[in-house]
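First up is the structure itself, then whatever we jot down about it.
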Amino acid sequence: MCKSCHSGLPLTFDVVDEAGIVAAATAAHAGGQAWHFHVLAPLCTFSPKPGAYTFLLELTDAKRALCAYYDEKPTAVNKQLLPLLHGADALADTPADASLAEEDEALLATIEAAAKAGTSWHHHMMFPACGLNTSDGKWRLFVEIDGREPAIHDYADEPSRVLNRIERIYFGLT
Ligand SMILES: [Zn+2]
Ligand SMILES: [Zn+2]
């Protein structure tokens with residue numbers, strides 16, 4: 001696919017600035033409305049603006065999507081909104097979980113190896129209502145590592161423990 005002339009984002013959206021993203025997310029959170037977000041890296045499959053980082057906010061109850069564009073990885077807003085979405089301990093240093101499935105451990109090992117090697121990678125936690133999620137009502141982890149096909153893992157419930165481990169690698173906390 002020609003990424004310079006084709007948006008990979010299968011949603012209609014409005015472009016706003018960071019303040020607009022934060023205001024809309026916190027208002028949805030306060031109002032008990034469903035929302036979630038994605039950080040789309042410059043080479044992301046779903047990028048509407050290849051070369052830039054895109055912060056995508058999906059207001060799934062309100063049926064709206066907002067995007068803000070960045071030259072650099074939007075770490076501050078990501079860290080600000082992550083606990084609202086996944087809980088205060090989203091980035092906590094939790095003990096390694098012996099009950100993780102073998103395929104989850106394998107995924108974590110692959111991500112850790114990419115991070116250590118300095119290979120670009122990022123991930124998407126797709127809620128069941130997510131506009132990027134083509135599964136049938138599952139929670140989907142979608143991991144993109146440069147030079148590989150995306151890794152797709154579907155779950156019946158929110159895979160919080162796996163996500164916690166991935167987020168900590170993503171933010172360099174391990
Ligand atoms: Zn991506
Ligand atoms: Zn989504």
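Here is a check on your reading of the model: is residue 91 modelled with pLDDT under 90 and either aliphatic (A, V, I, L, M) or on the phi > 0 side of the Ramachandran plot (or both)? Considered against the rule, which asks whether it is modelled with pLDDT under 90 and either aliphatic (A, V, I, L, M) or on the phi > 0 side of the Ramachandran plot (or both), residue 91 comes out as yes.
Yes/no matrix, rows are residues, columns are (1) closer than 17 Å to residue 111 by Cα; (2) crowded, with 19+ Cβ neighbours inside 10 Å; (3) within 14 Å of ligand 1 (Cβ to nearest atom):
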site	(1), (2), (3)
128	no, no, no
140	yes, yes, yes
143	yes, yes, yes
146	yes, no, yes
151	yes, no, yes
159	yes, yes, no
167	yes, yes, no
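If you check residue 109 against the conditions, is it part of a helix (DSSP H, G or I), over 13 Å from the mean Cα position of the chain (by Cα), surrounded by fewer than 17 Cβ atoms within 10 Å (Cβ to Cβ) and modelled with pLDDT of 95 or more? So that I can check it myself, show each step before the final result.
Details: part of a helix (DSSP H, G or I): yes; over 13 Å from the mean Cα position of the chain (by Cα): yes; surrounded by fewer than 17 Cβ atoms within 10 Å (Cβ to Cβ): yes; modelled with pLDDT of 95 or more: yes.
For residue 109, the condition - part of a helix (DSSP H, G or I), over 13 Å from the mean Cα position of the chain (by Cα), surrounded by fewer than 17 Cβ atoms within 10 Å (Cβ to Cβ) and modelled with pLDDT of 95 or more - is met.
Looking only at the stretch 45-63, which residues are more than 10 Å from ligand 2 (Cβ to nearest atom) and assigned to a loop (DSSP other than H, G, I, E, B)? Full working, then the answer.
Pass one, the stretch 45-63, residues more than 10 Å from ligand 2 (Cβ to nearest atom): 45, 47-55, 59, 61-63.
Hits for the stretch 45-63 are 45, 47, 48, 49, 50, 51, 52, 61, 62, 63.
How many residues does the stretch 76-88 hold that are of a type outside the set (A, V, I, L, M, F, W, C) and modelled with pLDDT of 90 or more? First the steps, then the outcome.
Of all residues in the stretch 76-88, those of a type outside the set (A, V, I, L, M, F, W, C) come to 78-80, 83, 86-87.
Restricting the remaining residues to those that are modelled with pLDDT of 90 or more gives 78-80, 83.
Qualifying residue count, the stretch 76-88: 4.
The residue of the stretch 129-151 that is nearest to residue 60 (Cα to Cα), among those that are more than 13 Å from the chain's Cα centre (by Cα) and within 16 Å of ligand 2 (Cβ to nearest atom), is 129.
Looking across the stretch 112-135, the residues that are free of Cβ contacts under 8 Å to residues at least 60 places away in the same chain and either part of a loop (DSSP other than H, G, I, E, B) or in contact with a Pro (Cβ under 6 Å, 6 or more places away or on another chain) (or both) come down to 118, 119, 128, 133, 134, 135. Residue check: residue 80 meets all listed conditions (1) outside the structural domain of residue 50 (by TED's automatic domain parsing); (2) surrounded by 14 or more Cβ atoms within 10 Å (Cβ to Cβ) but one, namely (1).
Specify which of the listed residues (19, 24, 52) is without any contact (Cβ under 8 Å) to a residue 24 or more places away in the chain, surrounded by 14 or more Cβ atoms within 10 Å (Cβ to Cβ), farther than 21 Å from residue 133 by Cα and outside the structural domain of residue 154 (by TED's automatic domain parsing).
On the way: 19 fails: surrounded by 14 or more Cβ atoms within 10 Å (Cβ to Cβ); 24 fails: without any contact (Cβ under 8 Å) to a residue 24 or more places away in the chain.
The match here is 52.
With the requirement that a residue be in a helix (DSSP H, G or I) and not β-branched (Val, Ile, Thr), what does the stretch 22-44 give you?
As a first pass, look at the stretch 22-44 and keep what is in a helix (DSSP H, G or I): 22-30.
23, 24, 25, 27, 28, 29, 30 - these are the residues of the stretch 22-44 that are in a helix (DSSP H, G or I) and not β-branched (Val, Ile, Thr).
The values are calculated or read from the model by the stated rules, or taken from the named source; none is laboratory data. This is a predicted model, so every value here is computed, not measured. Reconstructed Cβ throughout: ideal geometry from the backbone, glycine too, with neighbour counts over all protein chains shown.
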